[in-house]
Amino acid sequence: MIHGLSLFFIASFISLFSIVDPLLAVPIYVSLTEKYTHTQRLMTAKRASVYVFWILICFFIAGGLILKFFGISLEGLRIAGGLMIVGSAIEMLQKKERLLPNEQEEVEHKEDIAFSPLAMPLLSGPGAIAVIIGMTSEAQSAMHYIIIFFIITLTSVSCYVAMRLAPTIALRMGKTTMTSFTRIMGFILLCVGIQYIVNGVMPLLKTAFHGG
C-alpha cells in the first residue's frame, strides 16, 4: 500500500513538475520584471504562484465533473492529455519560447503580469491542467487525493521559490546549463506523454480485440 502510494506520488510529481517547469520560466520572468523594483518582483512572484495554485486546484476539484459533463472517457482524456504533453515536450527539446512574439509585446505594456502570462499560460497552461485531470481520474482512494493536493501545493511553492531566486538562478546556471536542463526535462516529459497515450490506447485495443 505504502509502496504504491510512493510510486503514485513520485510519478505524479514528476509529471506535473516537468510540465510546469518553474526553472524554464526563470529567464522569461527575469526579462518581464527587468524594470521592477525588488518589492514589485516579490509581490509578482507571490501572486503568480498563488494563481498557479488556485488554477490547478479548480481543475483538481472540477476535473471529474468536466469529464462527465462533456462525456469524455478516461481513455480519451489520457490520449488527448498525452498528445498535449508530447507537444510541450517537443517544444522544450527544440527550445522554443513559451511566449509568442505578440504575447511578449503585449506583456511589455501590462502593469500586472502575475496572472497572465506568468500563471496562465506560462506555468499552469493546458498541459498542466491535462495532467491534473488525468491524475484525479486515476485516484482510487482518499490518500491519492491528499497526495495530489500536496503535489499541487509543492509545485506552486516551487514556482514561488524559482521566481524569488530567478536573478540568482539565471546568473549562476548560465544559458548553456539552462538549455541542457530544459532538454532533460523535455525528454522526461516526452516519456510521460507517451506513457499517457499508451495507457489510453491499450484498454481500447483490449476492448476491440475482446469484442472481435
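Structure notes:
- If only residues of segment 181-212 that are modelled with pLDDT under 80 and aromatic (Phe, Trp, Tyr) are counted, the one that is surrounded by the most Cβ atoms within 10 Å (Cβ to Cβ) is TYR196.
- Residue within segment 149-160 that is under 15 Å from ILE28 (Cβ atoms) and either within 12 Å of the chain's Cα centre (by Cα) or assigned to a helix (DSSP H, G or I) (or both) present: yes
Yes or no, residue by residue, for (1) in contact with a Phe, Trp or Tyr (Cβ under 7 Å, 6 or more places away or on another chain); (2) under 30 Å from GLY193 (Cβ atoms):
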site: ILE19; (1), (2): no, yes
site: HIS38; (1), (2): no, no
site: SER49; (1), (2): yes, yes
site: ILE57; (1), (2): no, yes
site: GLY63; (1), (2): no, yes
site: LEU67; (1), (2): no, yes
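- Given (1) under 23 Å from SER6 (Cβ atoms); (2) modelled with pLDDT of 90 or more, number of the condition MET163 does not satisfy: (1)
- Segment 190-207 residues that are in contact (Cβ under 8 Å) with a residue 24 or more places away in the chain and within 16 Å of SER137 (Cβ to Cβ), paired with ones that are polar (S, T, N, Q) and surrounded by 13 or more Cβ atoms within 10 Å (Cβ to Cβ) (beta carbon under 7 Å, 6 or more apart): VAL192/SER15; VAL192/SER18
- In segment 100-118, residue modelled with the highest pLDDT [restricted to those that are of a type in the set (A, V, I, L, M) and buried (at least 19 other Cβ atoms within 10 Å of the Cβ)]: ALA114
- Odd one out for THR176, checked against (1) over 27 Å from GLY76 (Cα atoms); (2) polar (S, T, N, Q); (3) touching a residue at least 60 places away in the same chain (Cβ under 8 Å): (3)
- The set of residues in segment 27-67 that are more than 15 Å from VAL131 (Cα to Cα), at pLDDT below 80 and not hydrophobic (A, V, I, L, M, F, W, C) comprises PRO27, SER31, GLU34.
Per-residue answers, yes or no, for (1) loosely packed, with under 13 Cβ neighbours inside 10 Å; (2) assigned to a helix (DSSP H, G or I); (3) in contact (Cβ under 8 Å) with a residue 40 or more places away in the chain:
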residue: LEU5; (1), (2), (3): no, yes, yes
residue: ILE10; (1), (2), (3): yes, yes, no
residue: ALA25; (1), (2), (3): no, yes, yes
residue: ILE28; (1), (2), (3): no, yes, yes
residue: GLU34; (1), (2), (3): yes, no, no
residue: THR39; (1), (2), (3): yes, yes, no
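- Taken over segment 59-93, the criterion of being in a helix (DSSP H, G or I) and of a type in the set (Ser, Thr, Tyr) is satisfied by SER88 alone.
The values are calculated or read from the model by the stated rules, or taken from the named source; none is laboratory data. Bear in mind the structure is a predicted one, so any value in this text is a computation, not a measurement. When we count neighbours, we look across all protein chains shown, and the Cβ atoms used for this are built from the backbone with ideal geometry, even at glycine.
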